[in-house]
Amino acid sequence: ICKPLLYLVLMNDRVCFQMVAGSWISGSLAINITIYLMSQLQFCDSGKINHFFCDFNPILKMSCSDTHMIKLLTTLLAAICSLPPFLLTLASYVSIISTIMGIPSVSGR
């Protein structure tokens, strides 16, 4: 947005593919780690979940195992997967706002 004439140079098919692949790989890796750790838990309840789908917290509540480590790891994975996109978006908006504020005239803004 700050340099619209360079968009087609910067955002080519290769960069677009890398962004999509990075998103898919990081999301798949995070959920597969979580699923693997949940499959290692021991369960002592009836195995009946009173929900429409298997959510993370009800499954952890049914476990007899110590779930402190899996809770910590999923929080860490959520932070790792969501913090970089948030910071990139924030930096983009700061750049846009600083470019707009750098325009000398009010009518140019």
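The values are calculated or read from the model by the stated rules, or taken from the named source; none is laboratory data. Note that the coordinates shown come from a computational prediction; the quantities given were computed from them, not determined experimentally. With ideal geometry, Cβ positions are generated from the backbone for all residues, glycine too; neighbour counts draw on all protein chains shown. Side chains included, ligands, DNA and RNA excluded: accessible areas come from the protein's heavy atoms. Shrake-Rupley method; radii C 1.70, N 1.55, O 1.52, S 1.80 Å.
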Could you identify the single residue in Ile35, Ile59, Ile96 that is in a helix (DSSP H, G or I) and open to solvent by 60 Å² or more (accessible area, probe 1.4 Å)?
Ile35
If only one of Gly47, Gly27 is part of a loop (DSSP other than H, G, I, E, B), modelled with pLDDT under 90 and open to solvent by less than 70 Å² (accessible area, probe 1.4 Å), which one is it?
Gly47
Over the stretch 62-88, the set of residues of a type in the set (Val, Ile, Thr) and open to solvent by 70 Å² or more (accessible area, probe 1.4 Å) is Thr75, Ile80
Criterion (touching a helix residue (DSSP H, G or I) at 6+ places or on another chain (Cβ under 6 Å) and touching a residue at least 24 places away in the same chain (Cβ under 8 Å)) met by exactly one of Ile33, Ile80, Ile70
Ile70
Take Phe17 and tell me if it is open to solvent by less than 100 Å² (accessible area, probe 1.4 Å) and among the aromatic types (Phe, Trp, Tyr).
no
Kindly establish whether Arg14 is at pLDDT 90 or above and of a type in the set (Lys, Arg).
yes
Per the filter on the stretch 43-95, residues hydroxyl-bearing (Ser, Thr, Tyr) and under 21 Å from the mean Cα position of the chain (by Cα) are Thr74, Thr75, Ser82, Thr89, Ser92, Tyr93
Which one of Leu87, Leu76, Leu37 is modelled with pLDDT of 85 or more and closer than 30 Å to Ile103 by Cα?
Leu87
Do you know which of the residues in the stretch 99-109 that are among the hydrophobic types (A, V, I, L, M, F, W, C) and in a loop (DSSP other than H, G, I, E, B) is surrounded by the fewest Cβ atoms within 10 Å (Cβ to Cβ)?
Val106
